[in-house]
1. Could you please report the charge total around Q25, scoring K, R as +1 and D, E as -1 over all other residues with beta-carbon less than 11 angstrom from its beta-carbon?
2. Sorted by mean Cβ packing within 10 Å, highest first, what order do the peptides 45-56, 11-22, 30-41 take?
3. Once the other residues with Cβ under 13 Å from the Cβ of C12 are scored (Lys, Arg +1; Asp, Glu -1), what is the net sum?
Amino acid sequence: MAAQQPTLVGTCMVPMSEKYLQQVQDVEAALYPADEAASAEGLEFRMRNAGDFFHVALDQNDSLVGYICGTTTKKDALGMLFGNRLFLPICSSIVHR
């Protein structure tokens, strides 16, 4: 019998905001090596410049359970072409409990 997989029922995604900055930075520091974790300045830059692609996942108590951060470019197309399909690069996708 396979183990039951955790679910994120009741979780919602909202745009990243200053309200969650410290929590996201704490998760970055806990999960990434120091030279790879995003700084507060880096996270703020992402919010300002790629906010459409930076969201946090919140549980029913408005607590952070994860986040996802894509990227942006000044080129005409964003993403990588594989065959005839275009994919959006994702920088970070974190589920934290």
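A short reminder: the numbers here are calculations on the coordinates, not readings from a lab. Model, not experiment: these values are computed from the prediction. When we count neighbours, we look across all protein chains shown, and the Cβ atoms used for this are built from the backbone with ideal geometry, even at glycine.
1. The answer is -4.
2. Sorting 45-56, 11-22, 30-41 by mean packing, highest first, produces 45-56, 11-22, 30-41.
3. Local net charge: -2.
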